[in-house]
1. For the range 345-352, state whether one or more residues are out of contact with any Gly (no Cβ under 7 Å at 6 or more places or on another chain), among the basic types (Lys, Arg), outside any loop (DSSP other than H, G, I, E, B) and within 25 Å of Arg411 (Cα to Cα).
2. Give the range 302-333 a look and list any residue that's in contact with a helix residue (DSSP H, G or I) (Cβ under 9 Å, 6 or more places away or on another chain) and open to solvent by 20 Å² or more (accessible area, probe 1.4 Å), or say none.
3. When only residues in the range 93-109 that are in a loop (DSSP other than H, G, I, E, B) and over 25 Å from the mean Cα position of the chain (by Cα) count, which is surrounded by the fewest Cβ atoms within 10 Å (Cβ to Cβ)?
4. Might you check whether a residue that is part of a strand (DSSP E or B), buried (at least 20 other Cβ atoms within 10 Å of the Cβ) and under 17 Å from the mean Cα position of the chain (by Cα) occurs anywhere in the range 137-154?
5. Look at the range 9-40 and say how many of its residues are in contact with an Asp or Glu (Cβ under 9 Å, 6 or more places away or on another chain) and of a type outside the set (A, V, I, L, M).
6. Restricting to the range 72-81, and then to whatever is closer than 19 Å to Tyr297 by Cβ and not acidic (Asp, Glu), can you tell me which residue is most open to solvent (accessible area, probe 1.4 Å)?
7. Report, by residue number, each residue of the range 52-63 that is under 30 Å from Thr173 (Cβ atoms) and open to solvent by 40 Å² or more (accessible area, probe 1.4 Å).
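The values are calculated or read from the model by the stated rules, or taken from the named source; none is laboratory data. Please read all numbers here as calculations on a predicted model, not as lab measurements. Every residue, glycine among them, receives a Cβ derived from its backbone with ideal geometry; neighbour counts consider all protein chains shown. The protein model used for the area step is the full one, side chains on, heavy atoms only, and it has no ligands, DNA or RNA in it. Shrake-Rupley method; radii C 1.70, N 1.55, O 1.52, S 1.80 Å.
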Amino acid sequence: MARIVILGAGIGGIPMALEMKHLARKKQDEVVLISDSPTFHFVPSNPWVAVGWRKPEDIKVELAPMLKKRKIEFIQQKAAKVDPANNRIELADGSSVSYDFLVIATGPRLAFDEVPGFGPHGHTQSICHVDHAAEALEFWDGFVKDPGPIVVGSVQGASCFGPAYEYAFIADTDLRRRKIRDKVPMTFVTSEPYIGHLGLGGVGDSKGLLESEMRDRHIKWITNAKVDKIEDGKMFVTEVDDDGKEKKKHELPFKHSMMIPAFTGVDAVRGIEGLVNPRGFVLVDEHQRNPTFKNVYSVGVCIAIPPLEQTPVPTGVPKTGYMIESMVTATAHNIREQLDGKEPSFKGTWAALCLADMGDTGAAFIAQPQIPPRNVTWAKKGRWVHLAKIAFEKYFIRKVRKGISEPIYERLGLKALGIVRLKN
């Protein structure tokens, strides 16, 4: 009998638990999920929550009933420390959980502390967590009654650029619907070397597509930007040239700001030699397995991926939804191979299939693999993407409620488009 523990219950952790349960030996293996939250929440909908287009409860799913139905043990506790040398996780309540295999799917720690005055406890709003988005909505409700300048974007070291673009366009759409857009100058500040870089060197003509959309919506932008500090109502930004030398200092006034932070690994894994890199991200090989601790795997935003290229201001590589699902499927198959006495052989495609909402339209991106050089690169814009994002939200939340990771019709439908989770 083997005990397989999944740490984290987000976009990676929930599918991981479900797929592992499906692939585990039915009477011999135990699957355990540990999370500090009683609910799953659909992170891609957070920008909608922040402007009141969704309520937090609309995008949450209670975990205990679904997991019980699937015969997956659920431990609602925060992990204090992972102890891979002894195959144990120490929990915040003083107890511990032992494991034979561990899958780390914690998501990231939000590094607001790396910029003075940054974050929900400083002078800016956040959409990285549903609770942050709910707080941002309270601020938004007051802001629209007394509007002023907005600054949106991503700080140095950020890797998750898509939600910043989405939030800027969604906010613009909401303001236009309220007929107060003319009272709100908007500036997009990003560490990317150009608009549409996305930490990926662009996807198709993402540069032209997103620049055009920003011009149409009267959103100014500053790229190669390093946020030095944030004060109440003012952001101090250094813009650098392509060689990383200071080009211009900006003092940007704002009444509302939402900036995406850099990420690090969570406290429970940081500083463990052989498990994580200096930023606390979990080291994995091509099979999602840690090179030092052979019974530890990791999926999602918490894994270490080197930057795609050196940029004038540091940028990270995003880990997007379908890319994470491909990691999950590979990991579940590889653990099963280890259970059967074999060496892991499965590799995820790390393909990206992204639907970016723009409020009243949207942009769709396909990149196979997500990190170049690619076999397939495709980007299109249209109102159909906005509608598809809404449909996907409802579909994914329904899958979680039902306790299903990848229905056969989803697998066959995407395969017909040439999109698969595992490499041949």
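1. For the range 345-352, residues out of contact with any Gly (no Cβ under 7 Å at 6 or more places or on another chain), among the basic types (Lys, Arg), outside any loop (DSSP other than H, G, I, E, B) and within 25 Å of Arg411 (Cα to Cα): absent.
2. Matches in the range 302-333: Lys319, Thr320, Gly321, His333.
3. Step by step, filter the range 93-109, then rank; the result is Gly94.
4. Yes, the conditions are met somewhere in the range 137-154.
5. The qualifying residues number 10.
6. So, considering only residues that are closer than 19 Å to Tyr297 by Cβ and not acidic (Asp, Glu), the one most open to solvent (accessible area, probe 1.4 Å) is Lys81.
7. Gly52, Trp53, Arg54, Lys55, Glu57, Asp58, Lys60, listed by residue number.
Table: residues versus (1) farther than 20 Å from Asp267 by Cβ; (2) open to solvent by 50 Å² or more (accessible area, probe 1.4 Å); (3) in contact with a Leu (Cβ under 8 Å, 6 or more places away or on another chain); (4) modelled with pLDDT of 95 or more.
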site: Ala50; (1), (2), (3), (4): yes, no, yes, yes
site: Pro65; (1), (2), (3), (4): yes, yes, no, yes
site: Arg70; (1), (2), (3), (4): yes, yes, yes, yes
site: Asp83; (1), (2), (3), (4): no, no, no, yes
